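Novice: The structure follows.
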Amino acid sequence: MSLLKKPIIGLTCGRETAADWTPGGPKRRKNILFLDYTAAVEQAGGAPLILPPMADTASFLEAAGVIHGLLLTGGGDISPSFYGEKRTRGVKGIDPRRDACEAAVIREARKGGLPTLGICRGIQLLAAAFGGALYQDLPREKGTFLDHWQDTSRTAHSHEVRIAPKSLLHSILRKDSIPVNSRHHQAVKTLPHGFIPSASAEDGLVEALEDPGHPFLLAVQWHPEGTFGGDDFSRRIFEAFVLAARKGFP
């Protein structure tokens, strides 16, 4: 008899270098994830489980085999080699191991109908994993776009996004436009195969993607986990995601 009462939501995470115990000694690597993500999942009714990048992609997929929903979180840049381009100035925080693990799990999630939500880096990873391409550094796009790097608190909004009618996102938010926060310098340039843009910024930048042939495969460029505590639209996204995961729950 299973003791589980909530759907398990697997959250990807990043890695960074930190000092060892010995002053001046060799650096050590650690897994990192802002608590906002796990708190939002828990408050929406899910049980968060962190999935760190692993040396063996097969082991990562095996660990992900217990989850009922997948959350691709924010973090460092996607390697341009991942979508067939050469690296330009401004690209930072690349982690090929994380790219490989997340690409493998999102492909399995799409194939298996696993409810999936991508946030910031998550929408970029999703695009790259299915044949799309990214703007490597928006500030170098010669003023084509708004400033998408917000310096105020993540709980604040910085611009509006327009929601595509008849999209999954529109059915969740029930609005034609909403205010969002913004903290990214990469973004979707070329749409991935089989996906539709379900939100866009005032400058035309893609702000959300979804697969209309999947039960729940949605990614947004903004950070709803950052505004979850005081923003109804952010709560609706997480609650709809966890509800979709619950449908596959024992």
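Novice: Check segment 87-105 and report whether any residue there is among the basic types (Lys, Arg) and part of a helix (DSSP H, G or I).
Specialist: yes
Novice: Does Thr116 fit the bill of being over 20 Å from Glu16 (Cα atoms), open to solvent by less than 60 Å² (accessible area, probe 1.4 Å), touching a Phe, Trp or Tyr at 6+ places or on another chain (Cβ under 8 Å) and polar (S, T, N, Q)?
Specialist: Answer is yes for this residue.
Novice: I want to confirm something. Restricting to segment 59-73 and keeping residues that are in contact with a helix residue (DSSP H, G or I) (Cβ under 6 Å, 6 or more places away or on another chain) and crowded, with 24+ Cβ neighbours inside 10 Å, which single residue is nearest to Ala129 (Cα to Cα)?
Specialist: Step by step, filter segment 59-73, then rank; the result is Leu72.
Novice: Now a separate question. For Arg110, only one of the following conditions fails: (1) open to solvent by less than 70 Å² (accessible area, probe 1.4 Å); (2) in a loop (DSSP other than H, G, I, E, B); (3) among the charged types (D, E, K, R). What is its number?
Specialist: Condition not satisfied by Arg110: (2).
Novice: Write out, first by first residue and then by second, each pair whose Cβ atoms fall under 9 Å of each other, whose residues are 6+ apart or on separate chains, and whose first residue, in segment 214-230, is more than 17 Å from Thr38 (Cα to Cα) while the second is modelled with pLDDT under 95 and of a type in the set (S, T, N, Q).
Specialist: Between residues of segment 214-230 that are more than 17 Å from Thr38 (Cα to Cα) and residues that are modelled with pLDDT under 95 and of a type in the set (S, T, N, Q), the close pairs are Gln221/Ser182.
Novice: Restricting the search to segment 223-246, which residues are assigned to a loop (DSSP other than H, G, I, E, B) and in contact with a Ser or Thr (Cβ under 6 Å, 6 or more places away or on another chain)? I'd like the intermediate steps shown before the answer.
Specialist: Of the residues in segment 223-246, the ones assigned to a loop (DSSP other than H, G, I, E, B) are 223, 228-231.
Of everything in segment 223-246, just one residue is assigned to a loop (DSSP other than H, G, I, E, B) and in contact with a Ser or Thr (Cβ under 6 Å, 6 or more places away or on another chain), namely Phe228.
Novice: Could you say which residue among Val105, Val91, Val66 is of a type in the set (A, V, I, L, M, F, W, C), touching a residue at least 12 places away in the same chain (Cβ under 8 Å) and out of contact with any Leu (no Cβ under 9 Å at 6 or more places or on another chain)?
Specialist: Val91 is the lone residue from the list that is of a type in the set (A, V, I, L, M, F, W, C), touching a residue at least 12 places away in the same chain (Cβ under 8 Å) and out of contact with any Leu (no Cβ under 9 Å at 6 or more places or on another chain).
Novice: Further question on the same structure: Just for segment 12-28: of the residues that are exposed (fewer than 12 other Cβ atoms within 10 Å of the Cβ) and touching a strand residue (DSSP E or B) at 6+ places or on another chain (Cβ under 8 Å), which one is nearest to Glu102 (Cα to Cα)?
Specialist: Thr17
Novice: Would segment 194-202 turn up any residue that is farther than 21 Å from Gly45 by Cβ and among the aromatic types (Phe, Trp, Tyr)?
Specialist: Yes: one or more hits.
Novice: Can Leu191 be described as within 28 Å of Glu85 (Cα to Cα), touching a residue at least 12 places away in the same chain (Cβ under 8 Å) and either open to solvent by less than 10 Å² (accessible area, probe 1.4 Å) or polar (S, T, N, Q) (or both)?
Specialist: It is false that Leu191 is within 28 Å of Glu85 (Cα to Cα), touching a residue at least 12 places away in the same chain (Cβ under 8 Å) and either open to solvent by less than 10 Å² (accessible area, probe 1.4 Å) or polar (S, T, N, Q) (or both).
Novice: Being among the small types (Gly, Ala, Ser) and surrounded by 15 or more Cβ atoms within 10 Å (Cβ to Cβ), is that true of even one residue in segment 134-154?
Specialist: no
Here is a yes/no grid of residues against (1) open to solvent by 20 Å² or more (accessible area, probe 1.4 Å); (2) under 18 Å from the mean Cα position of the chain (by Cα); (3) more than 25 Å from Gly14 (Cβ to Cβ); (4) without any contact (Cβ under 8 Å) to a residue 60 or more places away in the chain:
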| site | (1), (2), (3), (4) |
| --- | --- |
| Gly122 | no, yes, no, no |
| Leu126 | no, yes, no, no |
| Ala129 | no, yes, no, no |
| Gly132 | no, yes, no, no |
| Glu160 | yes, no, yes, yes |
| Ser182 | no, yes, no, yes |
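Novice: Can I ask one more? Tell me, which residue of segment 158-200 that is among the polar types (S, T, N, Q) and part of a loop (DSSP other than H, G, I, E, B) is modelled with the lowest pLDDT?
Specialist: This residue is Ser158.
Novice: Shifting gears a bit: Can you find even one residue in segment 63-72 that is part of a loop (DSSP other than H, G, I, E, B), in contact with a Phe, Trp or Tyr (Cβ under 7 Å, 6 or more places away or on another chain) and more than 16 Å from Leu33 (Cα to Cα)?
Specialist: Step one: filter segment 63-72 for residues part of a loop (DSSP other than H, G, I, E, B), giving 65-68.
So of that shortlist, the ones also in contact with a Phe, Trp or Tyr (Cβ under 7 Å, 6 or more places away or on another chain) come out as 68.
Within this subset, residues satisfying the condition of being more than 16 Å from Leu33 (Cα to Cα) are 68.
The answer is yes, given that some residue of segment 63-72 is part of a loop (DSSP other than H, G, I, E, B), in contact with a Phe, Trp or Tyr (Cβ under 7 Å, 6 or more places away or on another chain) and more than 16 Å from Leu33 (Cα to Cα).
Novice: Do we have any residue at all in segment 201-221 that's of a type in the set (Val, Ile, Thr), open to solvent by 40 Å² or more (accessible area, probe 1.4 Å), within 25 Å of Ala109 (Cα to Cα) and not in a loop (DSSP other than H, G, I, E, B)?
Specialist: Looking through segment 201-221, none of the residues is of a type in the set (Val, Ile, Thr), open to solvent by 40 Å² or more (accessible area, probe 1.4 Å), within 25 Å of Ala109 (Cα to Cα) and not in a loop (DSSP other than H, G, I, E, B).
The values are calculated or read from the model by the stated rules, or taken from the named source; none is laboratory data. Being a predicted model, the structure only gives us computed values, none of them experimental. We place every Cβ from the backbone using ideal geometry, glycine too, and count neighbours over all the protein chains shown. Surface accessibility is based on the protein's heavy atoms, side chains included, excluding ligands, DNA and RNA. Shrake-Rupley method; radii C 1.70, N 1.55, O 1.52, S 1.80 Å.
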